[in-house]
2 protein chains.
Amino acid sequence: IAKEVAKLLEMKAQLGGDEGKHKFVLKTPKGTRDYSPKQMAIRERVFNAIITCFKRHGAEVIDTPVFELKETLTGKYGEDSKLIYDLKDQGGELLSLRYDLTVPFARYLAMNKITNIKRYHIAKVYRRDNPAMTRGRYREFYQCDFDIAGQFDPMIPDAECLKIVHEILSDLQLGDFLIKVNDRRILDGMFAVCGVPDSKFRTICSSVDKLDKIPWEEVRSEMVGEKGLSPEAADRIGEYVQLHGGLDLVEQLLQDHKLSQNKLAKEGLGDLKLLFEYLTLFGIAERISFDLSLARGLDYYTGVIFEAILLQPENDHVEEPVGVGSVAGGGRYDGLVGMFDPKGRKVPCVGVSIGIERIFSILEQRVEASQEKIRTTETQVLVASAQKKLLEERLKLVSELWDAGIKAEVLYKKNPKLLNQLQYCEDTGIPLVAIVGEQELKDGVVKLRDVATREEVNISRESLVEEIRMRTSEH
Amino acid sequence: IAKEVAKLLEMKAQLGGDEGKHKFVLKTPKGTRDYSPKQMAIRERVFNAIITCFKRHGAEVIDTPVFELKETLTGKYGEDSKLIYDLKDQGGELLSLRYDLTVPFARYLAMNKITNIKRYHIAKVYRRDNPAMTRGRYREFYQCDFDIAGQFDPMIPDAECLKIVHEILSDLQLGDFLIKVNDRRILDGMFAVCGVPDSKFRTICSSVDKLDKIPWEEVRSEMVGEKGLSPEAADRIGEYVQLHGGLDLVEQLLQDHKLSQNKLAKEGLGDLKLLFEYLTLFGIAERISFDLSLARGLDYYTGVIFEAILLQPENDHVEEPVGVGSVAGGGRYDGLVGMFDPKGRKVPCVGVSIGIERIFSILEQRVEASQEKIRTTETQVLVASAQKKLLEERLKLVSELWDAGIKAEVLYKKNPKLLNQLQYCEDTGIPLVAIVGEQELKDGVVKLRDVATREEVNISRESLVEEIRMRTSEH
């Protein structure tokens, strides 16, 4: 009978137990994930590199809410607007989760009448996209944005944004990379001279934007078939969009009779020439490629646009290499703030967004492959005891250490075995153990053990803090 | 006519201009706010104090998505569930914004079968509450949570949570504070001996929870009038909930004939006695008050509960003092993880949540009142020039400094005036100016100016980085 009862109880538990509360699907929402302590340690490294760079360039930092009034986001993202998460109407305002950090930034500038700022913002954004999580594509993901707003002499802030991308990607040692640049004015000028009607500029721009994923033939047939462009116009576009190069290509196109007669294209090419000059002064021109196929999806760009791609996965030793792709992008958006200003006053802006999820995937796989041991805590010392009945003494000592600013732990057991305490240090990478025993208490000392070398020395209670600091200082 | 046209154009602009895009309401959603660079600088200080403390106690860090499956949050918050933000059903899963970090933590533990962890998590949570923003009550706000999960000897982790609250509040110098403690088992035992029917425990507990905001008479009439409790039972509760004290009160109630005969209450009182013992070892017992009126709103607590309050606003010099109130709270929730586990396996947990919005409001007002100048960037040096046509040289030098890890800026102008460059340093607190001029370029030097003292010395180009580092090092 006891067996039967046990069986029934187990079945009941499986069916839901107390009030059926266990029947949850145990998962995070589609396209999202948790970060474990180990993943957080890697993420912190990436953030540190990025924030250090942003601060090196004199940026302030701001923060905005995770959701905005729905109308704030309306009309800013073109075809991508369908990917915006809306909140349920529970009475009150209609809200949407932010899709990027750029539109909230423009709203912030207009709302506070700021005409001049260099700021960074690191936060999560939300897109109801098809997630491809193994390749670092999520529905909730971090963007690390650096933007310069203000009326300045041409191309100086733009060049700094590219310098920043270059510094961060070099610093993170992600292998070889390339930063593609183009200009919306060159694209628009090109569309005009190729015979694209004004009304089709944005939609043809969207098609061009797909060239990094699908071949020209397919893009062409989308332009002609779906979007009703003439085959001749498409073919003329086809000739331009295969061009890429450096300053030489800019010079060449400035000589191109058709393109250089277009006012917008000429402006764009002139600015690109200046940009390359500054990039040469910054010593980074050889990693920059002027690429006429670069279009960028978002509606709000008005001038220079750019995108950084990793050229080869730097993890040949990994079984399943992470797909190569875009890790940063940005450009100039001189009209966005004006869309929010009641009087339409414009604030020229240029900025860059670093997408850390893909970078994080690469680094995570690299750590995995190298079997590098990553510490997830910074504890300097474990307060331990070799004998029983010393909980009070351990608590007293650990409290002294905390009050002195030492990172210290104690096992939450009345009478832990010394071996278990040492094992805990091995597992978590704690370098020192401060052992209290009856003899040590009598002598007014603590036995300090080095976990790696197993050496033990008695240290007087008064000099313990100093000794721990000295032994664990990073200098 | 020109005047009329201008007027009409202005009217048009006010009415909406290009495609009526300006007719936005320029605001953040109700109960939310942006953080300006200055506010962020204060916020970073608070976060640093809190994170330093959490790390000092050996905590790892995790992160979870901002939204959860709706069902994950269902049945966890009692009467507060109506405050949860739901996302719109756009196809796919039903989602809600997280209400706290505790339920996502429990979901994370159950999902990953973790039975033992000490972690912190700092992130925004969302409540459709009535905002009172001047008193630091928002709909989007940060929680800073520290929790210890695992089967341990009683009250050791609980005592550490209180030690952490004590350390953080002391460190932030917020003035005098008190940490109230109670135990859900003592409350339940008290309800039982006062004659509250089992079915009314939670709702009477909710009434008791209001005692910090409304007087006993009103709470009593809610119990009797709205919740149908007998007047005698209410009066018996009334006698208990006015009690508060230290270890002496615990001892006194252990002698209370009625209460000590209740198994739950006796367990709770025994544990509180042990807790006070550990708090005495930690040297913080005098700031702890055993308070029978402390109930805490949330459903999931099962043992010790606590709440820290600031005793007096430490800003008499401020015109509009920030309201005093709870700045941290927490407790033991031994059943929550089991609600997510398919087999109902329990993982005992205890944790504390620091609410930084109120703390932030106090510190912000204090900074405002003291007129302390807070730097919002860390720039060490501005690269400037006294003459025209030196943009290229400025860009070359600032790029050298960036590459050497120096935090440096340059004005984005071709030919800025020296006075404007110096003024920029004054405004933003940049301590040094590196001035390039034709003579300096010829001599291979840079003129380094100390903004505060106005002293200038020529430094050779090769030793510039070292000199800047030395002058701006914090040691």
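The values are calculated or read from the model by the stated rules, or taken from the named source; none is laboratory data. It should be emphasised that the depicted structure is a prediction, and the values quoted were computed from it without experimental measurement. With ideal geometry, Cβ positions are generated from the backbone for all residues, glycine too; neighbour counts draw on all protein chains shown. Quick note on the areas: whole protein, heavy atoms, side chains included, nothing else; ligands and nucleic acids left out. Shrake-Rupley method; radii C 1.70, N 1.55, O 1.52, S 1.80 Å.
Tabulated results
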read-out	value
Hits in the stretch A:371-426 (condition: in a loop (DSSP other than H, G, I, E, B), closer than 17 Å to B:Cys161 by Cα and open to solvent by 80 Å² or more (accessible area, probe 1.4 Å))	A:Lys413
Flag if A:Asp158 is more than 14 Å from the chain's Cα centre (by Cα), more than 10 Å from chain B (Cβ to nearest Cβ), within 30 Å of A:Glu68 (Cα to Cα) and open to solvent by less than 10 Å² (accessible area, probe 1.4 Å)	no
Condition met for A:Lys442 (of a type outside the set (Asp, Glu) and either under 27 Å from B:Ile168 (Cα atoms) or touching a residue at least 60 places away in the same chain (Cβ under 8 Å) (or both))	no
Every residue from the stretch B:340-352 that is buried (at least 20 other Cβ atoms within 10 Å of the Cβ) and either modelled with pLDDT under 95 or touching a Ser or Thr at 6+ places or on another chain (Cβ under 9 Å) (or both)	B:Phe340, B:Asp341, B:Val347, B:Pro348, B:Cys349, B:Gly351
Extreme residue, nearest to A:Ser473 (Cα to Cα), among residues of the stretch A:345-356 that are out of contact with any Asp or Glu (no Cβ under 7 Å at 6 or more places or on another chain) and either within 13 Å of chain B (Cβ to nearest Cβ) or free of Cβ contacts under 8 Å to residues at least 24 places away in the same chain (or both)	A:Ile356
Criterion (assigned by the TED database to the domain that holds A:Tyr333, more than 26 Å from B:Lys396 (Cα to Cα), in a helix (DSSP H, G or I) and open to solvent by 30 Å² or more (accessible area, probe 1.4 Å)) met by exactly one of A:Leu264, A:Leu187	A:Leu264
A:Leu310, sole failed condition from (1) modelled with pLDDT under 95; (2) of a type outside the set (Gly, Ala, Ser); (3) touching a helix residue (DSSP H, G or I) at 6+ places or on another chain (Cβ under 7 Å); (4) open to solvent by less than 30 Å² (accessible area, probe 1.4 Å)	(3)
Sole exception among (1) within 14 Å of another protein chain (Cβ to nearest Cβ); (2) surrounded by fewer than 18 Cβ atoms within 10 Å (Cβ to Cβ); (3) basic (Lys, Arg) for B:Arg454, by number	(1)
Residue check for B:Ile122: modelled with pLDDT of 95 or more, of a type outside the set (Asp, Glu), closer than 27 Å to A:Ala123 by Cβ and surrounded by fewer than 24 Cβ atoms within 10 Å (Cβ to Cβ)	yes
Qualifying positions in the stretch A:86-125 - part of a strand (DSSP E or B) and under 17 Å from the mean Cα position of the chain (by Cα)	A:Arg119, A:Tyr120, A:His121, A:Ile122, A:Ala123, A:Lys124, A:Val125
Subset of the stretch B:56-84 that is part of a strand (DSSP E or B) and open to solvent by less than 20 Å² (accessible area, probe 1.4 Å) - its residue that is nearest to the other protein chains (Cβ to nearest Cβ)	B:Asp63
Test for B:Ser221: is it open to solvent by less than 10 Å² (accessible area, probe 1.4 Å), in a helix (DSSP H, G or I), away from every other protein chain (no Cβ under 14 Å) and among the polar types (S, T, N, Q)	no
Selection from the stretch A:457-475 of residues that are open to solvent by 50 Å² or more (accessible area, probe 1.4 Å), in a strand (DSSP E or B) and not β-branched (Val, Ile, Thr)	A:Asn458
Residues (under 11 Å from the mean Cα position of the chain (by Cα) and either facing chain B (nearest Cβ under 8 Å) or of a type in the set (D, E, K, R) (or both)) located in the stretch A:28-55	A:Arg43, A:Glu44
Residues of the stretch B:127-153 that turn out to be assigned to a strand (DSSP E or B) and within 8 Å of chain A (Cβ to nearest Cβ), as a count	2
Any pair with Cβ under 9 angstrom, 6 or more apart, that starts in the stretch A:224-241 at a residue that is at positive phi and ends at one that is part of a helix (DSSP H, G or I) and not aliphatic (A, V, I, L, M)	A:Gly228/A:Lys200
Matching residues, the stretch B:433-451, being crowded, with 19+ Cβ neighbours inside 10 Å and more than 17 Å from B:Leu395 (Cα to Cα)	B:Arg449
Residue match in the stretch B:435-449 (condition: closer than 21 Å to A:Glu60 by Cβ and either out of contact with any His (no Cβ under 9 Å at 6 or more places or on another chain) or not in a strand (DSSP E or B) (or both))	no
Test for A:Leu97: is it touching a Phe, Trp or Tyr at 6+ places or on another chain (Cβ under 8 Å), under 27 Å from B:Thr74 (Cα atoms), surrounded by 22 or more Cβ atoms within 10 Å (Cβ to Cβ) and not basic (Lys, Arg)	yes
Condition met for A:Asp171 (within 14 Å of another protein chain (Cβ to nearest Cβ) and of a type in the set (D, E, K, R))	yes
Filter result (over 29 Å from B:Thr203 (Cβ atoms) and small (Gly, Ala, Ser)) within the stretch B:57-114	B:Gly58, B:Ala59, B:Gly91, B:Gly92
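Listed here are the residues, each with its yes/no results for (1) at pLDDT 90 or above; (2) of a type outside the set (D, E, K, R); (3) in the same structural domain as B:Leu172 (by the TED database).
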{"site": "B:Gly323", "(1), (2), (3)": "no, yes, yes"}
{"site": "B:Gly335", "(1), (2), (3)": "yes, yes, yes"}
{"site": "B:Phe360", "(1), (2), (3)": "yes, yes, yes"}
{"site": "B:Leu395", "(1), (2), (3)": "yes, yes, no"}
